[in-house]
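The values are calculated or read from the model by the stated rules, or taken from the named source; none is laboratory data. Predicted model, so just to flag it, every value in this text is computed and none were measured. Methodologically, a virtual Cβ is constructed for each residue, glycine included, from the backbone with ideal geometry; neighbour enumeration extends over all protein chains shown. For the accessible areas, the whole protein counts, side chains as well, though only heavy atoms, and no ligand, DNA or RNA atoms are used. Shrake-Rupley method; radii C 1.70, N 1.55, O 1.52, S 1.80 Å.
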Amino acid sequence: MEERRESSTGPTKSKPGRAASPIPLSQVSASAEKRLATGIGELDRVLGGGLVPGSAVLLGGAPGIGKSTLTSMALANLSDAGEKVLYVSAEESAQQIRLRAQRLGGGALDVPVLAETDLGTIVATIQQERPSVCVIDSVQTLHADGLNGAPGSVGQVREVAGALMRAAKSQSTAVVLVGHITKEGDLAGPRVLEHLVDCVLLFEGERERTYRTLRAMKNRFGSTAEAGVFEMSEGGLVEVLDASARFVAEAKRAPGSVVLCAMEGSRPLLVEFQALVSPSELTQPRRIANGIDRNRLALVLAVLTRHGGIALGAADVFLNVVGGVRVDEPGADLAVAIAVAAAAKGVIPGNGTTPVACFGELGLTGEVRSVGHPDRRLAEASKFGLQPVLAPPGAGGDAREVASLRDALAAVIASGEDRLQAV
Ligand code: TYD
Ligand code: MG
(Lines give C-alpha, C1' and ligand atoms only; values in the text may rest on other atoms or scores of the structure.)
(Ligands and ions follow the chains in the order given, each with its own letter.)
Protein backbone atom coordinates (compact mmCIF):
# COMPACT_ATOMS: atom_id res chain seq x y z
CA MET A 1 0.00 0.00 0.00
CA GLU A 2 1.28 3.44 -0.91
CA GLU A 3 1.60 5.91 1.95
CA ARG A 4 -0.08 9.25 1.57
CA ARG A 5 2.25 12.21 1.02
CA GLU A 6 2.19 15.03 3.56
CA SER A 7 1.93 17.68 0.86
CA SER A 8 0.27 17.27 -2.47
CA THR A 9 2.26 19.89 -4.33
CA GLY A 10 5.25 18.23 -5.92
CA PRO A 11 8.08 16.43 -4.09
CA THR A 12 8.35 17.38 -0.43
CA LYS A 13 11.50 19.12 0.69
CA SER A 14 12.55 18.22 4.20
CA LYS A 15 13.62 21.05 6.45
CA PRO A 16 17.37 21.03 7.08
CA GLY A 17 17.97 19.83 10.63
CA ARG A 18 20.52 21.07 13.16
CA ALA A 19 23.62 18.90 13.42
CA ALA A 20 24.20 17.11 16.70
CA SER A 21 27.65 16.14 17.97
CA PRO A 22 28.30 12.43 18.33
CA ILE A 23 30.28 11.41 21.41
CA PRO A 24 32.74 8.55 21.88
CA LEU A 25 31.16 5.58 23.69
CA SER A 26 33.83 5.82 26.36
CA GLN A 27 32.30 9.13 27.44
CA VAL A 28 28.79 7.71 27.73
CA SER A 29 28.04 7.16 31.38
CA ALA A 30 27.79 3.47 32.18
CA SER A 31 25.84 3.47 35.40
CA ALA A 32 25.50 -0.04 36.72
CA GLU A 33 21.91 -0.96 36.00
CA LYS A 34 19.73 -1.95 38.88
CA ARG A 35 17.88 -5.23 38.65
CA LEU A 36 14.58 -6.17 40.21
CA ALA A 37 14.89 -9.74 41.46
CA THR A 38 11.65 -11.67 41.01
CA GLY A 39 12.74 -14.08 43.73
CA ILE A 40 12.25 -17.01 41.35
CA GLY A 41 15.81 -18.14 40.74
CA GLU A 42 15.18 -19.81 37.39
CA LEU A 43 13.26 -16.79 36.07
CA ASP A 44 15.89 -14.32 37.26
CA ARG A 45 18.62 -16.37 35.63
CA VAL A 46 16.80 -16.52 32.28
CA LEU A 47 16.22 -12.75 32.48
CA GLY A 48 19.96 -12.26 32.97
CA GLY A 49 19.78 -11.35 36.67
CA GLY A 50 16.25 -10.03 37.19
CA LEU A 51 14.05 -7.44 35.53
CA VAL A 52 15.63 -4.23 34.27
CA PRO A 53 13.64 -1.14 35.37
CA GLY A 54 11.76 0.39 32.45
CA SER A 55 12.26 -2.66 30.24
CA ALA A 56 9.57 -4.55 28.35
CA VAL A 57 9.39 -8.34 28.48
CA LEU A 58 7.13 -10.52 26.37
CA LEU A 59 6.25 -13.85 28.02
CA GLY A 60 4.79 -16.28 25.50
CA GLY A 61 3.32 -19.71 26.07
CA ALA A 62 0.43 -21.99 25.22
CA PRO A 63 -2.77 -21.61 27.23
CA GLY A 64 -2.59 -23.47 30.53
CA ILE A 65 1.18 -23.69 30.65
CA GLY A 66 1.44 -21.45 33.72
CA LYS A 67 2.08 -17.87 32.54
CA SER A 68 -0.43 -16.34 34.93
CA THR A 69 0.92 -18.47 37.76
CA LEU A 70 4.53 -17.53 37.06
CA THR A 71 3.83 -13.81 36.80
CA SER A 72 1.59 -13.83 39.89
CA MET A 73 4.35 -15.53 41.88
CA ALA A 74 6.95 -13.05 40.64
CA LEU A 75 4.77 -10.06 41.61
CA ALA A 76 4.09 -11.57 45.03
CA ASN A 77 7.84 -11.86 45.68
CA LEU A 78 8.54 -8.36 44.38
CA SER A 79 5.79 -6.95 46.54
CA ASP A 80 7.19 -8.83 49.56
CA ALA A 81 10.54 -7.20 48.80
CA GLY A 82 8.93 -3.77 49.01
CA GLU A 83 8.49 -3.03 45.31
CA LYS A 84 5.29 -1.46 44.08
CA VAL A 85 3.59 -3.86 41.66
CA LEU A 86 0.42 -4.07 39.58
CA TYR A 87 -1.23 -7.09 37.98
CA VAL A 88 -3.59 -6.25 35.15
CA SER A 89 -5.80 -9.07 33.98
CA ALA A 90 -7.91 -8.76 30.88
CA GLU A 91 -8.79 -12.46 30.97
CA GLU A 92 -9.87 -13.35 34.45
CA SER A 93 -12.12 -11.71 37.00
CA ALA A 94 -10.66 -10.39 40.25
CA GLN A 95 -12.32 -13.36 42.01
CA GLN A 96 -10.56 -15.86 39.79
CA ILE A 97 -7.25 -14.14 40.40
CA ARG A 98 -7.90 -14.25 44.11
CA LEU A 99 -8.52 -18.01 43.99
CA ARG A 100 -5.15 -18.51 42.33
CA ALA A 101 -3.46 -16.23 44.85
CA GLN A 102 -4.93 -18.31 47.67
CA ARG A 103 -3.33 -21.42 46.18
CA LEU A 104 -0.01 -19.66 45.84
CA GLY A 105 -0.02 -18.31 49.38
CA GLY A 106 2.69 -16.00 50.64
CA GLY A 107 2.44 -12.40 49.48
CA ALA A 108 0.22 -13.30 46.51
CA LEU A 109 -2.87 -11.90 48.21
CA ASP A 110 -1.16 -8.52 48.68
CA VAL A 111 -0.68 -7.92 44.95
CA PRO A 112 -2.95 -5.11 43.69
CA VAL A 113 -5.00 -6.26 40.70
CA LEU A 114 -6.94 -4.50 38.00
CA ALA A 115 -9.40 -6.62 36.01
CA GLU A 116 -9.84 -4.46 32.95
CA THR A 117 -9.73 -4.72 29.17
CA ASP A 118 -9.77 -1.08 28.15
CA LEU A 119 -6.34 0.22 27.18
CA GLY A 120 -7.05 3.85 28.11
CA THR A 121 -8.09 2.92 31.65
CA ILE A 122 -5.05 0.68 32.08
CA VAL A 123 -2.57 3.31 30.86
CA ALA A 124 -4.13 5.94 33.12
CA THR A 125 -3.92 3.57 36.08
CA ILE A 126 -0.27 2.78 35.41
CA GLN A 127 0.45 6.52 35.23
CA GLN A 128 -1.35 7.14 38.49
CA GLU A 129 0.00 4.15 40.44
CA ARG A 130 3.56 4.28 39.04
CA PRO A 131 4.39 0.66 39.91
CA SER A 132 7.97 -0.53 39.46
CA VAL A 133 6.72 -3.72 37.81
CA CYS A 134 3.46 -4.22 35.94
CA VAL A 135 2.14 -7.44 34.39
CA ILE A 136 -0.38 -7.29 31.53
CA ASP A 137 -2.22 -10.62 31.18
CA SER A 138 -2.68 -10.83 28.25
CA VAL A 139 -1.74 -8.39 25.55
CA GLN A 140 -4.12 -10.11 23.11
CA THR A 141 -7.22 -9.47 25.18
CA LEU A 142 -6.82 -5.69 25.63
CA HIS A 143 -8.89 -3.41 23.58
CA ALA A 144 -7.86 0.00 22.23
CA ASP A 145 -10.67 2.47 21.64
CA GLY A 146 -10.79 4.16 18.29
CA LEU A 147 -8.99 1.37 16.53
CA ASN A 148 -10.54 -0.99 14.07
CA GLY A 149 -10.07 -4.69 14.41
CA ALA A 150 -10.81 -7.17 17.15
CA PRO A 151 -8.67 -7.55 20.28
CA GLY A 152 -5.75 -9.81 19.38
CA SER A 153 -5.53 -8.66 15.76
CA VAL A 154 -2.11 -7.51 14.62
CA GLY A 155 -3.05 -3.83 14.57
CA GLN A 156 -4.61 -3.90 18.03
CA VAL A 157 -1.79 -5.89 19.60
CA ARG A 158 0.83 -3.53 18.21
CA GLU A 159 -1.07 -0.42 19.30
CA VAL A 160 -1.81 -1.79 22.76
CA ALA A 161 1.77 -2.86 23.39
CA GLY A 162 3.19 0.39 22.03
CA ALA A 163 1.00 2.53 24.27
CA LEU A 164 1.75 0.42 27.36
CA MET A 165 5.47 0.47 26.70
CA ARG A 166 5.56 4.24 26.20
CA ALA A 167 3.69 4.81 29.44
CA ALA A 168 5.86 2.33 31.32
CA LYS A 169 9.20 3.52 29.98
CA SER A 170 8.54 7.19 30.75
CA GLN A 171 8.30 6.35 34.45
CA SER A 172 10.75 3.41 34.60
CA THR A 173 8.08 0.78 35.12
CA ALA A 174 9.19 -2.66 33.97
CA VAL A 175 6.33 -4.19 32.02
CA VAL A 176 5.73 -7.89 31.41
CA LEU A 177 3.38 -8.56 28.52
CA VAL A 178 1.84 -12.02 28.57
CA GLY A 179 1.04 -13.45 25.14
CA HIS A 180 -0.61 -16.69 24.06
CA ILE A 181 1.04 -18.86 21.52
CA THR A 182 -0.42 -21.72 19.58
CA LYS A 183 0.56 -25.36 20.02
CA GLU A 184 2.77 -25.06 16.96
CA GLY A 185 4.91 -22.52 18.79
CA ASP A 186 3.61 -19.57 16.83
CA LEU A 187 3.43 -16.31 18.74
CA ALA A 188 0.57 -15.45 16.35
CA GLY A 189 -0.46 -11.89 17.24
CA PRO A 190 2.43 -11.11 19.60
CA ARG A 191 5.03 -12.07 16.98
CA VAL A 192 4.74 -8.48 15.77
CA LEU A 193 6.05 -7.41 19.18
CA GLU A 194 9.28 -9.34 19.16
CA HIS A 195 11.33 -6.49 17.77
CA LEU A 196 9.68 -3.89 20.04
CA VAL A 197 10.34 -5.52 23.39
CA ASP A 198 13.70 -5.94 25.12
CA CYS A 199 13.26 -9.55 26.02
CA VAL A 200 11.18 -12.46 24.70
CA LEU A 201 10.66 -15.43 27.01
CA LEU A 202 8.96 -18.65 25.97
CA PHE A 203 7.33 -20.97 28.45
CA GLU A 204 7.10 -24.44 26.93
CA GLY A 205 6.16 -27.99 27.73
CA GLU A 206 3.28 -30.38 27.38
CA ARG A 207 0.35 -29.12 29.40
CA GLU A 208 -0.61 -32.51 30.73
CA ARG A 209 2.96 -33.24 31.82
CA THR A 210 4.66 -31.88 34.87
CA TYR A 211 7.84 -30.30 33.54
CA ARG A 212 8.03 -26.95 31.78
CA THR A 213 11.00 -25.03 30.43
CA LEU A 214 11.44 -21.29 30.32
CA ARG A 215 13.78 -19.97 27.66
CA ALA A 216 14.89 -16.55 26.43
CA MET A 217 14.49 -16.18 22.66
CA LYS A 218 15.77 -12.62 22.75
CA ASN A 219 17.41 -10.67 25.56
CA ARG A 220 18.93 -7.22 25.34
CA PHE A 221 20.23 -7.53 28.90
CA GLY A 222 21.53 -11.06 29.05
CA SER A 223 22.22 -14.30 27.29
CA THR A 224 19.65 -16.22 25.26
CA ALA A 225 21.34 -19.48 26.15
CA GLU A 226 19.82 -19.76 29.62
CA ALA A 227 16.83 -21.93 30.39
CA GLY A 228 14.95 -22.81 33.55
CA VAL A 229 13.03 -25.97 34.39
CA PHE A 230 9.80 -25.83 36.42
CA GLU A 231 7.25 -28.27 37.69
CA MET A 232 3.57 -27.39 38.25
CA SER A 233 2.53 -28.39 41.75
CA GLU A 234 -0.59 -27.92 43.85
CA GLY A 235 0.82 -24.68 45.22
CA GLY A 236 2.22 -23.07 42.09
CA LEU A 237 5.35 -23.57 40.02
CA VAL A 238 8.36 -25.13 41.66
CA GLU A 239 11.88 -24.72 40.32
CA VAL A 240 13.45 -28.04 39.39
CA LEU A 241 17.10 -27.76 40.28
CA ASP A 242 17.91 -31.46 40.20
CA ALA A 243 16.26 -32.24 36.87
CA SER A 244 19.06 -34.60 35.78
CA ALA A 245 18.73 -36.71 38.91
CA ARG A 246 15.00 -37.14 38.38
CA PHE A 247 15.21 -37.99 34.72
CA VAL A 248 18.02 -40.48 35.23
CA ALA A 249 16.27 -42.16 38.15
CA GLU A 250 13.23 -42.65 35.93
CA ALA A 251 15.23 -43.83 32.91
CA LYS A 252 14.31 -47.34 31.81
CA ARG A 253 16.84 -50.03 31.00
CA ALA A 254 14.71 -51.02 28.06
CA PRO A 255 14.98 -51.34 24.30
CA GLY A 256 14.60 -47.93 22.72
CA SER A 257 15.74 -45.96 25.75
CA VAL A 258 18.88 -43.82 25.91
CA VAL A 259 19.96 -40.78 27.90
CA LEU A 260 20.95 -37.58 26.16
CA CYS A 261 23.50 -35.27 27.79
CA ALA A 262 21.74 -32.07 26.74
CA MET A 263 22.59 -28.46 27.46
CA GLU A 264 19.87 -26.16 28.78
CA GLY A 265 21.72 -22.93 28.28
CA SER A 266 24.90 -23.07 30.32
CA ARG A 267 23.62 -25.98 32.39
CA PRO A 268 23.90 -29.65 31.51
CA LEU A 269 20.71 -31.69 31.71
CA LEU A 270 20.32 -35.44 31.36
CA VAL A 271 17.07 -36.46 29.67
CA GLU A 272 15.75 -39.82 28.60
CA PHE A 273 14.77 -40.45 24.98
CA GLN A 274 12.41 -43.31 24.23
CA ALA A 275 11.57 -44.74 20.83
CA LEU A 276 9.05 -47.26 19.63
CA VAL A 277 9.20 -48.86 16.20
CA SER A 278 6.35 -51.02 15.04
CA PRO A 279 5.18 -52.43 11.70
CA SER A 280 2.84 -49.99 10.02
CA GLU A 281 -0.44 -50.65 8.35
CA LEU A 282 -0.41 -47.30 6.63
CA THR A 283 0.96 -46.58 3.20
CA GLN A 284 2.61 -43.55 4.72
CA PRO A 285 3.97 -44.75 8.07
CA ARG A 286 3.66 -42.50 11.10
CA ARG A 287 6.51 -40.36 12.35
CA ILE A 288 5.57 -38.94 15.73
CA ALA A 289 7.99 -36.77 17.72
CA ASN A 290 7.29 -35.36 21.17
CA GLY A 291 9.89 -32.96 22.53
CA ILE A 292 12.03 -32.65 19.42
CA ASP A 293 11.52 -31.08 16.04
CA ARG A 294 9.74 -33.37 13.53
CA ASN A 295 12.07 -32.41 10.74
CA ARG A 296 15.05 -33.32 12.87
CA LEU A 297 13.52 -36.77 13.42
CA ALA A 298 13.01 -37.19 9.68
CA LEU A 299 16.63 -36.27 9.02
CA VAL A 300 17.97 -38.71 11.61
CA LEU A 301 15.75 -41.50 10.24
CA ALA A 302 17.11 -40.89 6.76
CA VAL A 303 20.70 -41.03 8.04
CA LEU A 304 19.88 -44.21 10.00
CA THR A 305 18.52 -45.88 6.90
CA ARG A 306 21.35 -44.79 4.62
CA HIS A 307 24.35 -45.06 6.95
CA GLY A 308 23.19 -47.28 9.80
CA GLY A 309 21.67 -50.04 7.76
CA ILE A 310 18.38 -49.78 9.63
CA ALA A 311 15.40 -49.90 7.30
CA LEU A 312 12.34 -48.15 8.66
CA GLY A 313 10.37 -47.65 5.48
CA ALA A 314 7.43 -49.83 6.54
CA ALA A 315 7.44 -48.99 10.25
CA ASP A 316 5.72 -46.43 12.43
CA VAL A 317 8.29 -44.53 14.49
CA PHE A 318 7.45 -42.77 17.75
CA LEU A 319 9.99 -40.72 19.67
CA ASN A 320 9.40 -39.23 23.06
CA VAL A 321 11.52 -37.01 25.26
CA VAL A 322 10.49 -38.16 28.72
CA GLY A 323 8.99 -35.71 31.20
CA GLY A 324 7.61 -33.30 28.62
CA VAL A 325 10.89 -31.46 28.17
CA ARG A 326 11.61 -29.92 24.78
CA VAL A 327 15.12 -30.33 23.45
CA ASP A 328 16.10 -27.92 20.76
CA GLU A 329 19.68 -28.66 19.85
CA PRO A 330 21.45 -30.62 17.11
CA GLY A 331 23.39 -32.45 19.83
CA ALA A 332 20.28 -34.59 20.30
CA ASP A 333 20.67 -36.35 16.92
CA LEU A 334 22.78 -39.22 18.24
CA ALA A 335 20.30 -39.95 21.03
CA VAL A 336 17.44 -40.08 18.53
CA ALA A 337 19.42 -42.43 16.29
CA ILE A 338 20.41 -44.80 19.11
CA ALA A 339 16.92 -44.88 20.62
CA VAL A 340 15.30 -45.67 17.26
CA ALA A 341 17.96 -48.23 16.26
CA ALA A 342 17.63 -50.01 19.62
CA ALA A 343 13.85 -49.99 19.34
CA ALA A 344 14.00 -51.35 15.80
CA LYS A 345 16.30 -54.18 16.85
CA GLY A 346 14.63 -54.78 20.19
CA VAL A 347 17.85 -54.52 22.16
CA ILE A 348 18.83 -52.60 25.25
CA PRO A 349 21.63 -50.15 24.41
CA GLY A 350 24.87 -50.88 26.23
CA ASN A 351 25.34 -53.70 28.68
CA GLY A 352 21.82 -53.52 30.03
CA THR A 353 22.85 -52.56 33.56
CA THR A 354 23.78 -48.87 33.43
CA PRO A 355 21.91 -46.53 31.09
CA VAL A 356 23.86 -45.46 28.02
CA ALA A 357 24.34 -41.74 27.52
CA CYS A 358 25.34 -39.86 24.40
CA PHE A 359 25.47 -36.53 22.59
CA GLY A 360 26.50 -35.41 19.13
CA GLU A 361 25.11 -34.03 15.90
CA LEU A 362 24.72 -36.29 12.88
CA GLY A 363 25.97 -35.13 9.51
CA LEU A 364 24.24 -36.19 6.32
CA THR A 365 27.11 -38.53 5.50
CA GLY A 366 26.70 -40.36 8.79
CA GLU A 367 29.54 -38.65 10.65
CA VAL A 368 29.19 -37.65 14.30
CA ARG A 369 29.93 -33.93 14.66
CA SER A 370 31.00 -32.05 17.74
CA VAL A 371 28.66 -29.81 19.72
CA GLY A 372 29.24 -27.23 22.46
CA HIS A 373 30.40 -27.93 26.02
CA PRO A 374 31.49 -31.59 25.76
CA ASP A 375 33.27 -31.27 29.14
CA ARG A 376 30.16 -30.18 31.03
CA ARG A 377 28.03 -32.84 29.40
CA LEU A 378 30.55 -35.55 30.28
CA ALA A 379 30.88 -34.34 33.85
CA GLU A 380 27.11 -34.50 34.33
CA ALA A 381 26.94 -38.02 32.89
CA SER A 382 29.72 -39.25 35.15
CA LYS A 383 28.09 -37.63 38.17
CA PHE A 384 25.19 -40.02 37.65
CA GLY A 385 27.33 -43.02 36.74
CA LEU A 386 26.17 -43.37 33.15
CA GLN A 387 28.37 -45.74 31.14
CA PRO A 388 29.48 -45.54 28.40
CA VAL A 389 29.01 -41.98 27.15
CA LEU A 390 29.17 -41.87 23.37
CA ALA A 391 30.55 -38.55 22.18
CA PRO A 392 31.94 -36.91 19.06
CA PRO A 393 35.69 -37.14 18.32
CA GLY A 394 37.72 -34.73 20.44
CA ALA A 395 35.31 -34.77 23.38
CA GLY A 396 38.10 -36.01 25.66
CA GLY A 397 37.56 -37.08 29.24
CA ASP A 398 36.34 -40.61 29.66
CA ALA A 399 34.05 -40.39 26.65
CA ARG A 400 33.74 -43.25 24.23
CA GLU A 401 34.49 -41.25 21.09
CA VAL A 402 32.64 -42.31 17.96
CA ALA A 403 33.41 -40.85 14.54
CA SER A 404 30.37 -42.15 12.74
CA LEU A 405 26.86 -43.42 13.29
CA ARG A 406 28.10 -46.89 12.34
CA ASP A 407 30.73 -46.77 15.13
CA ALA A 408 28.13 -45.60 17.62
CA LEU A 409 25.72 -48.40 16.78
CA ALA A 410 28.52 -50.96 16.89
CA ALA A 411 29.49 -49.73 20.36
CA VAL A 412 26.11 -50.06 22.05
CA ILE A 413 23.81 -52.05 19.80
CA ALA A 414 24.90 -55.56 19.03
CA SER A 415 22.67 -57.77 16.95
CA GLY A 416 19.44 -58.78 18.64
CA GLU A 417 20.35 -62.39 19.47
CA ASP A 418 23.79 -61.61 20.92
CA ARG A 419 22.33 -59.00 23.19
CA LEU A 420 19.38 -60.98 24.37
CA GLN A 421 21.72 -63.82 25.32
CA ALA A 422 23.99 -61.43 27.15
CA VAL A 423 21.18 -59.97 29.24
P1 TYD B 1 -2.18 -20.69 34.41
O2 TYD B 1 -1.05 -19.99 35.11
O3 TYD B 1 -3.51 -20.08 34.54
O4 TYD B 1 -1.80 -20.87 32.87
P5 TYD B 1 -1.76 -19.75 31.68
O6 TYD B 1 -1.87 -18.42 32.29
O7 TYD B 1 -0.46 -19.99 30.96
O8 TYD B 1 -2.90 -20.07 30.78
O9 TYD B 1 -2.25 -22.18 35.03
C10 TYD B 1 -2.06 -23.33 34.30
C11 TYD B 1 -2.64 -24.55 34.98
O12 TYD B 1 -1.93 -24.83 36.17
C13 TYD B 1 -4.10 -24.43 35.35
O14 TYD B 1 -4.79 -25.42 34.63
C15 TYD B 1 -4.18 -24.75 36.80
C16 TYD B 1 -2.84 -25.31 37.15
N17 TYD B 1 -2.34 -24.89 38.48
C18 TYD B 1 -1.82 -25.85 39.34
O19 TYD B 1 -1.77 -27.04 39.03
N20 TYD B 1 -1.33 -25.45 40.57
C21 TYD B 1 -1.36 -24.13 40.96
O22 TYD B 1 -0.92 -23.82 42.07
C23 TYD B 1 -1.92 -23.17 40.05
C24 TYD B 1 -1.98 -21.72 40.44
C25 TYD B 1 -2.38 -23.59 38.83
MG1 MG C 1 -3.42 -17.04 32.12
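In µm²/s, what is D for region 138-296 at 37 °C and 0.692 mPa s, where D = kT/(6 pi eta Rh) by Stokes-Einstein and Rh is the Kirkwood radius from Cα pairs?
Answer, rounded: 174 µm²/s.
Accessible area per residue for region 206-249 in Å², computed with a 1.4 Å probe and the full protein assembly in place, what is it?
47
Place a point 7 Å from Cα of ARG103 in the direction of its Cβ. Which residues in region 225-254 have their backbone N less than 15 Å from it?
From region 225-254, the list is 231-238.
In Å, what Rg and Dmax follow from the Cα atoms of region 35-241?
Computed over the Cα atoms of region 35-241, radius of gyration and Dmax are 15.4, 48 Å.
Ignoring ligands, DNA and RNA, what percent of the 1.4 Å accessible area of the chain is carbon and sulfur? Provide the component values of the computation, followed by the final result.
Values: 10380 of 20280 Å².
Exposed carbon and sulfur together represent 51 percent of the surface.
Taking Rh as the Kirkwood radius computed over C-alpha pairs, what is the Stokes-Einstein D of the chain at 37 °C in a medium of viscosity 0.692 mPa s, expressed in µm² per second?
Answer, rounded: 136 µm²/s.
What is the spread of the Cα atoms of region 220-356 along each of their three principal axes, largest first, in whole Å?
47, 38, 29
At 1.4 Å probe radius, can you tell me the per residue accessible area of region 7-157 in Å²?
51
In region 221-284, which GluC sites (Glu not before Pro) fall in coil by DSSP and have 14 or fewer other Cβ atoms within 10 Å?
Taking region 221-284 and a limit of 14 other Cβ atoms within 10 Å, the loop GluC sites (Glu not before Pro) found are GLU234, GLU281.
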